[in-house]
Amino acid sequence: MNDQLLTEEELLIRNTMRDYADNNLSERAARYDETGEFPWDNVSELADLGVLGLTIDEDFGGSGGTTRQLALVSEEIARGCVATSVIYIAHLSLTSQYINTFGDEYQKQKYLPDLAAGKKIGAFALTEPGAGSDAAAIQTSSVRANGHYVINGTKTYISNAPEAGVLVTLATRDKSEGYKGIDALIVDGDLDGIEVNQLHGKMGVRASTVGEIVFKNCHVPVHNRLGEESVGFRQTMEVLNASRISIAAQCVGIAQAALEESVQYARTREVFGGPLGDLQAIQWMIADMATETEAARQLVMSVASKRDAGVPFLTEASMAKLFASRVAMQAAHNAVQIHGGAGYFAPTKVERLFRDARVTEIYEGTSEVQRMLIARNILKQ
């Protein structure tokens, strides 16, 4: 993105995060991908940089800031280490931002300072074995009794679950009311009645740990409910709509990393008596990657600007997530193709990017769901 289109503050935060990604995240990404260990040092450093509290009210330990700034940070983190960006978005854009947006004074004071400081990791527990894209079909139940909600049910594929100290989850209080019977609850990770089982075998973003959460008569205080009863589903849709901007920015970071690796390889790899980049077939792939990456970036920043301005952005957020995830996947594909046989092997960064990019078309609303949302909103106009 042209630096002249960024404010001084945006340029400063973008450059700070770019240096950090190049000098820290990128250096560790391959090791964490190989071991699958949770990157605590990365999370700690992100907290020190103040970005774990970005967009969170300063009165509650956050750093304030804008959606545009969050998009810039999300892109740069992903450019350095995609797994760390998944952890970051699940922690901030889903968990912390949910509490920041819909929590009361008590909830914000209790939970946000530790989340912004990285003292506790946040996880957003929505998906269930039988309820993925159809979030309104969740089966986890809650029964109100003696000042608590008693929670029973299973959540799965939950990012950050094995490390989470704070969960935001949804449970159905009255199935007869459909989505209006769903409430959102803050759950302390150390409560009795919670069992977390780490899931293994992911294709990519391996350092972003994922788990199954089983609630067995877990007693959650009523004062941990986010918002009034019956509004949990609506609140969740609002949070997901906003978080898609961060996911789209993450996708731009993946595409940018794939482009940079491809350009460097095309400049230095010698074939047929000259640089690989002299071949028109390679030039066309790089041209397409650069064009599509910049188009995705501009779309992301446009949607972020709309949210900051307080104007409707739901359709555009889905467009950004749909388009940017497709760009990320295609850029990673082209990068492997440009690298040839070398790109198929693990020591090459593009091999990891190819695996990491795949999930962006699946989580936080599949590409098919985004198309449904976009078309539905356009047809209503």
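Read-outs throughout are calculated quantities, based only on the coordinates presented, and are distinct from any laboratory measurement. Please read all numbers here as calculations on a predicted model, not as lab measurements. Cβ placement follows ideal geometry from the backbone for every residue including glycine, while neighbour counts extend to all protein chains displayed.
If we count other beta carbons within 10 Å of each Cβ, what is the order of Glu261, Glu368, fewest first? Mind dumping the intermediate values first?
Details: Glu261 21, Glu368 12.
Sorted ascending by nearby Cβ count, the order is Glu368, Glu261.
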For the stretch 233-380, what is the per residue volume of the convex hull drawn over the alpha-carbon atoms, in cubic angstrom? 110
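If we count every other residue with Cβ under 13 angstrom of Arg14's Cβ, Lys/Arg +1 and Asp/Glu -1, where does the sum land?
On the way: positive: Arg18, Arg68, Arg79, Arg297; negative: Asp3, Glu8, Glu9, Glu10, Asp19, Asp22, Glu75, Glu76.
The answer is -4.
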Which FRET efficiency value, to the nearest 0.05, do you get for Ser176 and Thr291 by plugging their Cβ-Cβ distance into 1/(1 + (r/R0)^6) with R0 = 41 Å? 0.20
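Report the rotationally averaged projected area of the chain based on its alpha-carbon convex hull, in square nanometres. Can you show the working numbers first?
Numbers: hull surface 76.3 nm².
Value for the chain: 19.1 nm².
Extension gain Asp48-Thr35, at 0.36 nm per residue separation less the Cα-Cα distance, in nm? Walk me through the intermediate numbers first.
On the way: separation 13, 0.36 × 13 = 4.68 nm, distance 2.45 nm.
Gain on extension, Asp48 to Thr35, equals 2.2 nm.
Would you mind ranking Lys119, Lys306, Lys349 by Cβ crowding within 10 Å, fewest neighbours first?
Exposure proxy ranking, most exposed first: Lys119, Lys306, Lys349.
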Under 17 Å from the Cα of Lys120 - lysines, other chains or at least 8 residues apart: Lys108, Lys110
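May I ask you to sort Thr67, Thr268 by Cβ crowding, counting other Cβ atoms within 10 Å and putting the fewest first?
Details: Thr67 24, Thr268 10.
Ascending Cβ contact count within 10 Å gives the list Thr268, Thr67.
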If one computes P(r) from the Cα atoms of the stretch 123-228, what percent of pairs lie at distances over 16 Å? 55
Could you compute the FRET efficiency for Ala136 and Ile378, with r as their C-beta to C-beta distance and R0 at 25 Å, rounded to 0.05? 0.70
Lys202: which lysines have alpha carbons under 22 Å from its alpha carbon, excluding same-chain residues fewer than 8 sequence positions away? Lys155, Lys321, Lys349
Under the 0.36 nm per residue contour assumption, what length would be gained going from the current alpha-carbon distance of Asn15 and Val143 to full extension? 41.2 nm
Quick one: length gained pulling Gln283 to Gln264 fully straight, 0.36 nm per residue minus the C-alpha distance? 5.6 nm
The stretch 3-121 -> Rg/Rh from Cα coords, Kirkwood Rh, value 0.98
Label-point separation (nm) for Ala117 and Asp192, each offset 7 Å from Cα along Cα-to-Cβ? 2.9
Under the helix-only model (-39500 (n - 2.57) for each DSSP H run of 4 or more, divided by the residues of the chain), the mean residue ellipticity at 222 nm, to 500 deg cm²/dmol, is -16500 deg cm²/dmol
